[in-house]
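Asks: I am attaching a structure below and will ask some questions about it afterwards.
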Amino acid sequence: MWLYEKRLQYPVNITKPDAKAAAVIIDQLGGPDGELAAALRYLSQRYTMPYPEIQALLTDIGTEELAHVEIISAILYQLTTDLTIDEIKAQGYDKYFVDHTLGIYPQGANNVPFTAAYFQSKGDPITDLTENMAADGTIM
């Protein structure tokens, strides 16, 4: 399984709330190319990978992506902490706020909630690895 260190891989220290930035950064958490989709993609695909070395690599990458979920969540939390209702409205965060207040909820910048439809796991090594490269923006 995993060992969890109770610290962020990369510390986050945002001192000034910024709902406008949060409204964009949230896509990196729950959007189609976000960290949550990446983590689930790699961790789901590892089971049918016929090569133990690549199976281990997918596990490592999926675990790292979970660490990214934690970092992005910390960024969102710090960007929205202590916002006033007037700031939330003025900075365009009111649509998110209505449903989630300042809770961290995986969705895209377009306000569409995270869905497993954002990633694929076919069980074919070539198909899965090609999808991973496409999702991560890697050129083959």
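The values are calculated or read from the model by the stated rules, or taken from the named source; none is laboratory data. Bear in mind the structure is a predicted one, so any value in this text is a computation, not a measurement. Counting neighbours? That spans all protein chains shown, and the Cβs are built from the backbone with ideal geometry, glycine included.
Asks: For the stretch 81-120, give me each residue that is at pLDDT 90 or above, of a type in the set (S, T, N, Q) and closer than 29 Å to ILE61 by Cα.
Replies: Within the stretch 81-120, GLN107, ASN110, ASN111, THR115 qualify.
Asks: Here is a check on your reading of the model: is TYR77 over 15 Å from the mean Cα position of the chain (by Cα) and either small (Gly, Ala, Ser) or outside any loop (DSSP other than H, G, I, E, B) (or both)?
Replies: Criteria not met by TYR77.
Asks: Moving on. State the number of residues belonging to the stretch 1-21 that are within 12 Å of ALA74 (Cβ to Cβ) and touching a helix residue (DSSP H, G or I) at 6+ places or on another chain (Cβ under 7 Å).
Replies: Qualifying residue count for the region: 5.
Asks: Here is a further query. Which members of the stretch 98-128 meet the condition of being part of a helix (DSSP H, G or I) and surrounded by fewer than 17 Cβ atoms within 10 Å (Cβ to Cβ)?
Replies: VAL98, ASP99, HIS100, ALA116, ALA117, PRO125, ILE126, THR127 - these are the residues of the stretch 98-128 that are part of a helix (DSSP H, G or I) and surrounded by fewer than 17 Cβ atoms within 10 Å (Cβ to Cβ).
Asks: Given the conditions (1) surrounded by 13 or more Cβ atoms within 10 Å (Cβ to Cβ); (2) more than 16 Å from LEU36 (Cβ to Cβ); (3) among the polar types (S, T, N, Q), which single one is not true for ASN132?
Replies: So ASN132 meets the others, but not (2).
Asks: So which residues in the stretch 19-55 are more than 19 Å from the chain's Cα centre (by Cα) and either assigned to a loop (DSSP other than H, G, I, E, B) or hydroxyl-bearing (Ser, Thr, Tyr) (or both)?
Replies: TYR47, THR48, MET49, PRO50, TYR51
Asks: Let me ask something else. Restricting to the stretch 35-70, what's the tally of residues that are of a type outside the set (D, E, K, R) and closer than 19 Å to HIS100 by Cα?
Replies: Looking only at that region, the number is 2.
Asks: Do the conditions hold for GLY62, that is, is it farther than 30 Å from ALA19 by Cβ, among the small types (Gly, Ala, Ser) and surrounded by 15 or more Cβ atoms within 10 Å (Cβ to Cβ)?
Replies: For GLY62, the condition - farther than 30 Å from ALA19 by Cβ, among the small types (Gly, Ala, Ser) and surrounded by 15 or more Cβ atoms within 10 Å (Cβ to Cβ) - is met.
Asks: Next question. Restricting attention to the stretch 63-88, which residues are under 23 Å from ALA38 (Cα atoms) and charged (D, E, K, R)?
Replies: Within the stretch 63-88, GLU64, GLU65, GLU70 qualify.
For every residue, the table says whether it meets (1) within 30 Å of ASN13 (Cβ to Cβ); (2) in contact (Cβ under 8 Å) with a residue 24 or more places away in the chain; (3) of a type in the set (Gly, Ala, Ser).
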position	(1), (2), (3)
TYR51	no, yes, no
ALA67	yes, yes, yes
SER73	yes, yes, yes
LYS89	yes, no, no
LYS95	yes, no, no
TYR105	yes, yes, no
GLY123	no, yes, yes
ILE126	no, no, no
GLU131	no, yes, no
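Asks: Could you identify the single residue in ALA22, ALA39, ALA67, ALA74 that is in contact with a Ser or Thr (Cβ under 6 Å, 6 or more places away or on another chain), within 27 Å of ASN111 (Cα to Cα) and not hydroxyl-bearing (Ser, Thr, Tyr)?
Replies: Being in contact with a Ser or Thr (Cβ under 6 Å, 6 or more places away or on another chain), within 27 Å of ASN111 (Cα to Cα) and not hydroxyl-bearing (Ser, Thr, Tyr) holds for just one of ALA22, ALA39, ALA67, ALA74, which is ALA22.
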